[in-house]
Amino acid sequence: MYVIPCTITVSCLSYFGRLQEPRLLSPIAPAERCATRAPFGAGRSTMRKHRHKTHNRDAEKTLNATDERLRFIVDKIPTIIWRKLPDGSADFLNQRFREYTGLSLQDGLGWGWMNALHDDDRSMKEWREAWVAGKPFEKEARLRRADGEYRWFLIRGVPMQGEEGNTVKWYGVTCASTIKSRRNGGR
């Protein structure tokens, strides 16, 4: 009797691009391992390939289901969530951003998200300084609603650092700000 373990480990990227630790999928206790009889040398490699394909398929389904659940949460949470490249150009904007601003995904990606900001809050120099610094930042700015009205928002971003300490991505949220809105009478 030949015992072929029915477990595999995988390394994968999380939804936001972080490398996760390898984890065990389909853990099976030693007593529950798949025991298979095969004549000496006959079919063992075929059985292993089949088992690994099956487990890979199951692992892929599990990761896809997790990705779908996370995307649902990110799109339905009542705040704007974004991801940007090191230079500040957007490569992800959640559904809430698109609903609030009325911009399509294509119009908001890249530097298109700046079109939703008030003209006085679009200072590229100020934004680029925040991106170049590579440190968490907060900024208040007016964001245009789909109907054309502007509201104050607090924009917070944190960098994801690579192995050499360089900024690889930015992750952030944009939340309604009542402080500046009250100070300025909503303008």
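The values are calculated or read from the model by the stated rules, or taken from the named source; none is laboratory data. The structure presented is a predicted model; accordingly, all values stated were derived computationally and were not measured. We place every Cβ from the backbone using ideal geometry, glycine too, and count neighbours over all the protein chains shown.
Figures for the structure shown
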quantity: Residue check for Tyr171: under 19 Å from the mean Cα position of the chain (by Cα) and either buried (at least 17 other Cβ atoms within 10 Å of the Cβ) or closer than 23 Å to Ile73 by Cβ (or both); calculated: yes
quantity: From the options Arg69, Arg128, Arg98, Arg122, residue that is among the charged types (D, E, K, R), within 17 Å of Val173 (Cα to Cα) and at pLDDT below 95; calculated: Arg98
quantity: Qualifying position, being without any contact (Cβ under 8 Å) to a residue 40 or more places away in the chain and not basic (Lys, Arg), among Gly157, Gly162; calculated: Gly162
quantity: Residue count for segment 99-142, restricted to those that are in a loop (DSSP other than H, G, I, E, B), farther than 21 Å from Thr167 by Cα and among the aliphatic types (A, V, I, L, M); calculated: 1
quantity: Segment 125-166, residues that are closer than 23 Å to Arg96 by Cα, loosely packed, with under 12 Cβ neighbours inside 10 Å and out of contact with any Leu (no Cβ under 8 Å at 6 or more places or on another chain); calculated: Asp147, Gly148, Glu149
